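What follows is one structure encoded as C-alpha cells, with my remarks underneath.
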Amino acid sequence: MKILVDADSCPAIVREVILKAANRLGTPALFAANRKIPGLWGTAVMELCSEEEGAADNRIVELACQGDIAITRDIPLARRLVEKSVYTMDDKGRIFTKENIGEYYSIRCFQIDIIKTGANITRPHNYNKKNLKSFADSFDKLLTCLIKTQRVFT
C-alpha cells in the first residue's frame with residue numbers, strides 16, 4: 001500500500017497529517033505536482049511533473065494500484081482512481097466510492113455548466129479546523145481498516 005497525494009491543491013496542514021501517518025506506518029507517500037512541494041520528509045517522495053495540463057493527475061493514475069490510498073480534491077481524478085479500485089478521499093474527509101462517485105461527478109459537471117452560462121457560484125475556499133478533523137478522522141479510520149485487512153491476509 002502506498003499513499004498518493006494530488007499535491008497542487010493539498011493544504012500544508014493536511015500534508016503534515018499524511019506525512020506523520022506514512023512515517024509511523026513506514027508507508028511510501030508520493031506527492032505529485034507540477035511544482036516542488038516544500039516540507040516533505042521521511043517516507044515522502046516528490047514526483048515533479050511537467051506543467052502540461054493533467055500531467056500530475058495522469059502520473060498519479062499511472063502509479064496507483066488497487067488497495068492504495070489517494071487524496072485529491074479533483075473529482076475527475078477521483079473518478080479515474082475509484083475505477084482502478086484505489087481508496088480515494090478528499091482533504092475534507094469525503095470518501096469516494098464506486099457507489100457515490102457518479103453523483104459527485106454529475107454535481108461537478110452541473111456546476112461547470114452553470115458557471116459557463118455566466119452565473120456566479122460562490123464556493124467557500126477556507127480550510128478550517130473542522131475540515132482538518134474530518135479528514136484526519138476519515139484518513140485514520142481508512143488506514144486502520146486497511147492495516148487490519150492486510151494482517152488477516154498475510
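Considering the range 5-36, and only residues there that are among the β-branched types (Val, Ile, Thr), over 18 Å from ASN126 (Cα atoms) and under 11 Å from the mean Cα position of the chain (by Cα), the residue that is surrounded by the fewest Cβ atoms within 10 Å (Cβ to Cβ) turns out to be ILE18.
When you scan the range 17-24, do you find a residue that is closer than 24 Å to LEU146 by Cβ and free of Cβ contacts under 8 Å to residues at least 12 places away in the same chain, even just one?
We begin by selecting, within the range 17-24, every residue closer than 24 Å to LEU146 by Cβ; these are 17-24.
Imposing the further condition that a residue be free of Cβ contacts under 8 Å to residues at least 12 places away in the same chain reduces the set to 20, 24.
Yes.
On the stretch given as the range 98-138, residues that are over 16 Å from the mean Cα position of the chain (by Cα), at pLDDT 85 or above and not polar (S, T, N, Q) total 3. Restricting attention to the range 104-130 and to residues that are among the charged types (D, E, K, R) and closer than 25 Å to ALA55 by Cα, the residue that is surrounded by the fewest Cβ atoms within 10 Å (Cβ to Cβ) turns out to be LYS116.
Considering only residues that are over 9 Å from the mean Cα position of the chain (by Cα) and touching a residue at least 40 places away in the same chain (Cβ under 8 Å), which ones fall in the range 88-97?
Within the range 88-97, LYS92, GLY93, ARG94, ILE95 qualify.
The values are calculated or read from the model by the stated rules, or taken from the named source; none is laboratory data. Since we're looking at a predicted model, the values are computed, not measured. Please note: Cβ atoms are built from the backbone with ideal geometry, for glycine as well, and neighbour counts cover all protein chains shown.
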